[in-house]
Amino acid sequence: MGPVLGLETSCDDTAVAVLAEDGRILAQTRSSQDDEHAPFGGIVPEIAARAHALRLDRLIARAMAEAGLHFRDLGAIAVTAGPGLIGGLAVGVVTAAAIGSVHRLPVVPINHLEGHALTARLTDGAAFPYLLLLLSGGHSQLIAVEGVGRYRRLGTTLDDALGEAFDKVAKLSGLGFPGGPAVERTATGGDPSRYALPRPMVGQPGCHFSFSGLKTAVRQVLPTLPEGPERAAALADLCASFQQAAFDAVADRTAKAVRRFRERWPDGRELVVAGGVAANRALRRRLDDLAARQRLCLKVPPPELCTDNGVMIAWAGIERLRAGLESEHPLQARARWPLDPEAEPAPGAGVKA
Ligand code: KG4
Ligand code: ZN
């Protein structure tokens, strides 16, 4: 098959990796756009697309040099084709298509969520079927992963994704962008019981999430925080309370999904966590407890492979090539691309696939 070049440009990270066909990482590079987007407190799609276009070629050249390979040595190119910001996706897809046609290489279009979903197979040898908890800036989903390309969505968010809620809480609190790591840092040592915040969806039927009410509750508490020297401690307590409330909700929804997963996939033994929020250590501790109680093996990729990266895209390409599924999808940038197209629409407005 030969080594696979992976390209990721769906959001605000330009990321490239080269993997040997057995999954060994030969090179990886990533360029974050945090500095460009920070003044706006969130991602600006036009700025993201331009930054990808300016950087991608150089990152590819650097990764190929690091791997000590020429394009002619590759077996294939894997590229994120969706879901995400359409301008950035188009940059990746056009670049992959150009290199592919010049060097006569197959180009495998990858669903970004599939990249997150399959990473734990590379890093931790996760075995199908497993229950996936995917928590990123754009998605909060519980998915039964039956095999490559075979995903059954058990739950999704009715409004904001969890990473988005972290980012908004950080922005409201003046903690900067990206918000997740800043909120986690601020929460360290804080008292999670000081502020009584809602636990959205806890105890309700089904496995869906909702985080916008929690974010609104934080917004209402913020003006009541003391000014002056006591503020730092109060903000630490508020961030800790926010994390606790959010992770209570995650634990409740995940426990529900475990029950459903067990009924339909009794052979499943693993709970896999993926997406940027999986880098959060307090969440990992919480899920360790949950997995132990549920007698499931918890698998969480290392933090740098939880946030967006090129390795996960190259790996998903390898998985598709091995399964003979490299041509299942058209090579075309798609802003919306649900992993499980047959999932029932979740109730409520602003539904994300
Ligand atoms: O998967 P990812 O890199 O990009 C998307 O596909 O969305 O996830 C980025 C999200 C951001 O919302 C970021 O704030 C959040 O993951 N995140 C975290 C942490 N690190 C990143 N959230 C909570 N705690 C963290 N340590
Ligand atoms: Zn992602």
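Quick test of your reading of the structure: GLY115 fulfils all but one of (1) closer than 30 Å to ASP252 by Cα; (2) not in a helix (DSSP H, G or I). Name the failing condition by number.
All conditions are met except number (2).
So which residues in region 255-287 are away from ligand 1 (no atom under 16 Å from the Cβ) and assigned to a helix (DSSP H, G or I)? Quick ask: steps written out before the conclusion?
Residues of region 255-287 that are away from ligand 1 (no atom under 16 Å from the Cβ), as a first pass: 255-271.
Once the filter is applied, which keeps residues that are away from ligand 1 (no atom under 16 Å from the Cβ) and assigned to a helix (DSSP H, G or I), region 255-287 yields ALA255, LYS256, ALA257, VAL258, ARG259, ARG260, PHE261, ARG262, GLU263, ARG264.
Of the numbered conditions (1) outside any strand (DSSP E or B); (2) crowded, with 24+ Cβ neighbours inside 10 Å; (3) within 14 Å of ligand 1 (Cβ to nearest atom), ALA63 fails exactly one; give the number of that condition.
(3)
Hey, among the residues in region 139-161 that are more than 24 Å from PRO303 (Cβ to Cβ) and of a type in the set (D, E, K, R), which one's nearest to ligand 1 (Cβ to nearest atom)?
Across region 139-161, the extreme among qualifying residues is ASP159.
If we keep just the residues of region 180-191 that are in contact (Cβ under 8 Å) with a residue 40 or more places away in the chain and within 25 Å of the chain's Cα centre (by Cα), which is farthest from ASP160 (Cα to Cα)?
THR188
When you look at PHE242, is it over 21 Å from LEU132 (Cα atoms) and not β-branched (Val, Ile, Thr), yes or no? Walk me through it before giving the result.
Details: over 21 Å from LEU132 (Cα atoms): yes; not β-branched (Val, Ile, Thr): yes.
Yes; evaluated as a whole, the condition is true for this residue.
Has region 127-138 got any residue that is touching a helix residue (DSSP H, G or I) at 6+ places or on another chain (Cβ under 7 Å) and away from ligand 1 (no atom under 14 Å from the Cβ)?
So far as region 127-138 goes, yes, one or more of its residues are touching a helix residue (DSSP H, G or I) at 6+ places or on another chain (Cβ under 7 Å) and away from ligand 1 (no atom under 14 Å from the Cβ).
Looking only at region 299-322, count how many residues are more than 17 Å from the chain's Cα centre (by Cα) and aliphatic (A, V, I, L, M).
Residues meeting the conditions: 2.
Keeping to region 1-32, report how many residues are among the aliphatic types (A, V, I, L, M) and in contact with a Ser or Thr (Cβ under 6 Å, 6 or more places away or on another chain).
1
Here is a yes/no grid of residues against (1) in the same structural domain as VAL277 (by TED's automatic domain parsing); (2) farther than 30 Å from VAL94 by Cα; (3) assigned to a loop (DSSP other than H, G, I, E, B):
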position	(1), (2), (3)
ARG293	yes, yes, no
MET312	no, no, no
TRP315	no, no, no
ILE318	no, no, no
HIS329	no, no, yes
GLN332	no, no, yes
PRO338	no, no, yes
GLU342	no, no, yes
PRO345	no, yes, yes
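Can you name every residue in region 152-179 that is of a type in the set (Phe, Trp, Tyr) and over 16 Å from the mean Cα position of the chain (by Cα)?
PHE177 - this is the single residue of region 152-179 that is of a type in the set (Phe, Trp, Tyr) and over 16 Å from the mean Cα position of the chain (by Cα).
Select from region 141-180 the residues that are out of contact with any His (no Cβ under 9 Å at 6 or more places or on another chain), part of a strand (DSSP E or B) and among the hydroxyl-bearing types (Ser, Thr, Tyr) and list them in ascending order.
TYR151
With the condition kept exactly as written, say whether any residue in region 15-25 is at negative phi, within 15 Å of ligand 1 (Cβ to nearest atom) and either β-branched (Val, Ile, Thr) or out of contact with any His (no Cβ under 7 Å at 6 or more places or on another chain) (or both).
Yes: one or more hits.
Looking for whichever is in contact (Cβ under 8 Å) with a residue 40 or more places away in the chain and either β-branched (Val, Ile, Thr) or in contact with a Gly (Cβ under 7 Å, 6 or more places away or on another chain) (or both) here; the options are LEU214, LEU162, LEU133, LEU158. Which one fits?
Values: LEU214 fails: either β-branched (Val, Ile, Thr) or in contact with a Gly (Cβ under 7 Å, 6 or more places away or on another chain) (or both); LEU162 fails: either β-branched (Val, Ile, Thr) or in contact with a Gly (Cβ under 7 Å, 6 or more places away or on another chain) (or both); LEU133 fails: either β-branched (Val, Ile, Thr) or in contact with a Gly (Cβ under 7 Å, 6 or more places away or on another chain) (or both).
It is LEU158.
Any residue that is more than 15 Å from ligand 1 (Cβ to nearest atom) and modelled with pLDDT of 95 or more - is there at least one of those in region 27-45?
Within region 27-45, one or more residues are more than 15 Å from ligand 1 (Cβ to nearest atom) and modelled with pLDDT of 95 or more.
Identify the single condition in (1) more than 16 Å from ligand 2 (Cβ to nearest atom); (2) of a type in the set (A, V, I, L, M, F, W, C); (3) at pLDDT 95 or above that ALA343 does not satisfy, given that it satisfies every other one.
Checking ALA343 against (1) more than 16 Å from ligand 2 (Cβ to nearest atom); (2) of a type in the set (A, V, I, L, M, F, W, C); (3) at pLDDT 95 or above, the one that fails is (3).
Restrict the check to region 323-330 and report whether at least one residue is at pLDDT below 95 and surrounded by 14 or more Cβ atoms within 10 Å (Cβ to Cβ).
Looking through region 323-330, none of the residues is at pLDDT below 95 and surrounded by 14 or more Cβ atoms within 10 Å (Cβ to Cβ).
Just the residues that are farther than 22 Å from GLY147 by Cα and within 16 Å of ligand 2 (Cβ to nearest atom), please, taken from region 236-292.
Matches in region 236-292: GLY276, VAL277, ALA279, ASN280, LEU283.
Any chance you could count how many residues in region 181-198 are part of a loop (DSSP other than H, G, I, E, B) and surrounded by fewer than 17 Cβ atoms within 10 Å (Cβ to Cβ)? Before the answer, list the steps.
Within region 181-198, the first condition is being part of a loop (DSSP other than H, G, I, E, B), and the residues that meet it are 188-198.
Still in the running and surrounded by fewer than 17 Cβ atoms within 10 Å (Cβ to Cβ): 188-189, 191, 193-194, 196, 198.
The total comes to 7.
Mind counting the residues in region 1-40 that are under 19 Å from GLY317 (Cα atoms), over 19 Å from the mean Cα position of the chain (by Cα) and among the small types (Gly, Ala, Ser)?
Going through region 1-40 one residue at a time, the tally reaches 4.
The values are calculated or read from the model by the stated rules, or taken from the named source; none is laboratory data. As the structure is a computational prediction, the values presented were derived from the model and not from experiment. With ideal geometry, Cβ positions are generated from the backbone for all residues, glycine too; neighbour counts draw on all protein chains shown.
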